[in-house]
Amino acid sequence: MKKIIIANWKMNPATAREALALARKMEIGTAKIKKSDVVLAAPFPFLSLIARHSSLKIGAQDVFWEPKGAFTGEVSASQLRSAGVGFVIVGHSERRRMGENNAMAHKKLKAVLKAGMRPILCVGEEERKREVPFPLTVRDELHSAFTGIPKALAKKVIVVYEPVWAISTSKAGKADNPRDVFEMSLMIRRELFRLLGKRIAAQIPILYGGSVDEKNAAQFVHEGRVDGLLVGGASLHAEKFLKIVKSVATL
Ligand code: PGA
C-alpha cells in the first residue's frame, strides 16, 4: 500500500502569505517523492488559495454534514470539493473535545464520501490502560463511523490511530512507541475485518498520529508497520516535515 503522510496545520499559520510560502516549500520538497502521497490539511481560508497555486493534495480539517442551508459558520462537503479539497479530517480529538460525538463524526464521514472525497477518520483513547488492550473508545469510534456505510465507499476511508495523550500539545505530549502502535493497528484492522469483511478492510490505510517528528517517523512506519502518518506540530516547519517525508520514502 502506498504510504500517506498528512500534514495537519491546525489553526496555523496566521496569514495567507505564510501559508502559501510554507505550502510552496512543501510542494518543492516533496515533488520527487513517488512512494508516498502527501496531503496538506490547511485551515479553511487557505484551501482554495493553496489548491490554485500548488499541486499538493489538499485536505480540510472539518466539515458540516448538511448539504446546504441556514447553518451560519458551517462549511459543506460540496463547498470543500469545489475549493479543490480531496481529503477531510473527521473526528479529530480536538474537535471531539469541542463537542463532536460519534454520531456527528459518522454524519460527517458520510457527507465527505458522498461528495467524492476521502475522509481521514481519527480514533484514539484518552488514556492508555494496560489492562484494556483494545480500548472501548476506539472500538466505539470505529463502529459508529462505519456502520451503514456501503462497502464500496468504506474502502475510501483513511483511519488514523491517534491516542489523545500522545498529541504534542496534550498534557503528556509524548509519542507512543512503535511496538504498541503496531499492536493497536492490528486490533484496528481486526475490528475493520469484523465490520467490513476482509477484502474491504485490507484496503483501508491505518496511519499513526501523535508527536511524530523527524526522529521517530521512520520507526513508526517500519516497526509500527502503519500505512502512514498524521503530523501536527512538525508539519509547520518545512525542513522537519520534509525530513519526515524523506525518511519514510527511504524505507
Ligand atoms: P502532533 O499533532 O503531531 O503535534 O502531536 C497531531 C494531530 O493532532 O493531528
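Just so it is clear, none of the values below were taken in a lab; they were calculated from the coordinates. Just so you know, these numbers come straight off a predicted model, no measurement behind them. Don't worry about glycine lacking a Cβ; one is built from the backbone with ideal geometry, like all the others, and counts go over all protein chains shown.
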Applying the selection to segment 1-56, what residues are among the polar types (S, T, N, Q), out of contact with any Pro (no Cβ under 9 Å at 6 or more places or on another chain) and in a loop (DSSP other than H, G, I, E, B)? Thr15, Ser54, Ser55
Determine whether Glu94 is within 15 Å of the ligand (Cβ to nearest atom), of a type in the set (D, E, K, R) and either in contact with a Ser or Thr (Cβ under 6 Å, 6 or more places away or on another chain) or closer than 18 Å to Asp176 by Cβ (or both). yes
Subset of segment 52-64 (residues that are crowded, with 20+ Cβ neighbours inside 10 Å and free of Cβ contacts under 8 Å to residues at least 60 places away in the same chain): Leu56, Ile58, Ala60, Gln61, Asp62, Val63
In segment 150-187, which residues are touching a Leu at 6+ places or on another chain (Cβ under 7 Å) and more than 16 Å from the ligand (Cβ to nearest atom)? Lys151, Leu153, Ala154, Lys156, Val157
Take segment 218-251 and flag every residue that is part of a helix (DSSP H, G or I), farther than 19 Å from Lys10 by Cα and small (Gly, Ala, Ser). Ala218, Ser247, Ala249
Scan segment 118-130 residue by residue and report those that are closer than 19 Å to Glu191 by Cβ and either of a type outside the set (Asp, Glu) or without any contact (Cβ under 8 Å) to a residue 24 or more places away in the chain (or both). Pro119, Ile120, Leu121, Cys122, Val123, Gly124, Arg128, Lys129
Which of the numbered conditions does Val132 fail, given that it passes all the others? Conditions: (1) under 30 Å from Gln79 (Cα atoms); (2) in a loop (DSSP other than H, G, I, E, B). (1)
Inter-residue pairs, beta-carbon under 9 Å, first on the phi > 0 side of the Ramachandran plot and without any contact (Cβ under 8 Å) to a residue 24 or more places away in the chain and in segment 224-247, second within 11 Å of the ligand (Cβ to nearest atom) and not acidic (Asp, Glu), 6+ apart: none
When you go through (1) of a type outside the set (S, T, N, Q); (2) part of a helix (DSSP H, G or I); (3) loosely packed, with under 15 Cβ neighbours inside 10 Å one by one for Lys171, which number turns out not to apply? (2)
Given the criterion surrounded by fewer than 23 Cβ atoms within 10 Å (Cβ to Cβ) and more than 16 Å from the ligand (Cβ to nearest atom), identify the matching residue among Glu214, Glu223. Glu223
All but one of (1) over 21 Å from Pro205 (Cβ atoms); (2) in a helix (DSSP H, G or I); (3) touching a Gly at 6+ places or on another chain (Cβ under 7 Å) hold for Glu100; state the number of the condition that does not hold. (2)
Being surrounded by fewer than 14 Cβ atoms within 10 Å (Cβ to Cβ) and assigned to a loop (DSSP other than H, G, I, E, B), is that true of even one residue in segment 148-168? yes
Output for segment 85-117, where each listed residue is surrounded by fewer than 22 Cβ atoms within 10 Å (Cβ to Cβ), among the basic types (Lys, Arg) and touching a residue at least 40 places away in the same chain (Cβ under 8 Å): Lys107, Lys110
